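Asker: Pasting in a structure now, in structure tokens, and then I'll have a few things to ask.
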Amino acid sequence: MREIIKLACIGCEHPGKSAYFTTKNKKTSKEKLVVRKYCKFCRKHVEHKETKV
Ligand SMILES: [Zn+2]
């Protein structure tokens, strides 16, 4: 079963301002997802960490 997860910028003062949504298979990936994505608030590529939706 694929679960919807939220990737929130870890560089922002208020986490969750810049967020990307994706899905993942909970059974195959138990590790927390960390993806480098562009944050328009930080104006650079920042790591986005998995958080609860
Ligand atoms: Zn940011």
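Asker: Condition test on residue 4, is it loosely packed, with under 10 Cβ neighbours inside 10 Å and either in contact with a strand residue (DSSP E or B) (Cβ under 6 Å, 6 or more places away or on another chain) or at pLDDT 90 or above (or both)? Spell out how you get there, then give the answer.
Answerer: Details: loosely packed, with under 10 Cβ neighbours inside 10 Å: yes; either in contact with a strand residue (DSSP E or B) (Cβ under 6 Å, 6 or more places away or on another chain) or at pLDDT 90 or above (or both): yes.
Answer is yes for this residue.
Asker: Same structure, new question: Taking into account only those residues within segment 29-42 that are in a loop (DSSP other than H, G, I, E, B) and within 11 Å of the ligand (Cβ to nearest atom), which is surrounded by the most Cβ atoms within 10 Å (Cβ to Cβ)? Explain how you work it out, then say what you get.
Answerer: Our first condition is that a residue be in a loop (DSSP other than H, G, I, E, B); within segment 29-42, this holds for 29-33, 40-42.
Keeping just the survivors that are within 11 Å of the ligand (Cβ to nearest atom) gives 40-42.
Working: 40: 9, 41: 13, 42: 15.
Looking at the filtered set, the residue picked out is 42.
Asker: Within segment 17-28, count every residue that is in a loop (DSSP other than H, G, I, E, B) and touching a residue at least 24 places away in the same chain (Cβ under 8 Å).
Answerer: 4
Asker: Scan segment 43-53 and give yes if some residue there is assigned to a loop (DSSP other than H, G, I, E, B), out of contact with any Cys (no Cβ under 6 Å at 6 or more places or on another chain) and at pLDDT below 90, otherwise no. First the steps, then the outcome.
Answerer: Here is the first cut: in segment 43-53, the residues assigned to a loop (DSSP other than H, G, I, E, B) are 43, 52-53.
Checking the rest, the ones that are also out of contact with any Cys (no Cβ under 6 Å at 6 or more places or on another chain) come to 43, 52-53.
Restricting the remaining residues to those that are at pLDDT below 90 gives 52-53.
Looking for residues that are assigned to a loop (DSSP other than H, G, I, E, B), out of contact with any Cys (no Cβ under 6 Å at 6 or more places or on another chain) and at pLDDT below 90, one finds at least one in segment 43-53, hence yes.
Asker: Here is a follow-up. Mind checking which residues of segment 1-16 are part of a loop (DSSP other than H, G, I, E, B) and more than 12 Å from residue 51 (Cα to Cα)? Full working, then the answer.
Answerer: Within segment 1-16, the subset part of a loop (DSSP other than H, G, I, E, B) is 1, 10-16.
Residues satisfying the conditions are 1, 11, 12, 13, 14.
Asker: Next question. Does residue 33 meet the test of being at pLDDT below 90 and within 8 Å of the chain's Cα centre (by Cα)?
Answerer: Details: at pLDDT below 90: yes; within 8 Å of the chain's Cα centre (by Cα): yes.
Yes, satisfied.
The values are calculated or read from the model by the stated rules, or taken from the named source; none is laboratory data. These numbers come from a predicted model, not from an experiment. As a convention, Cβ positions derive from the backbone with ideal geometry for all residues, glycine included, and neighbour counts pool all protein chains shown.
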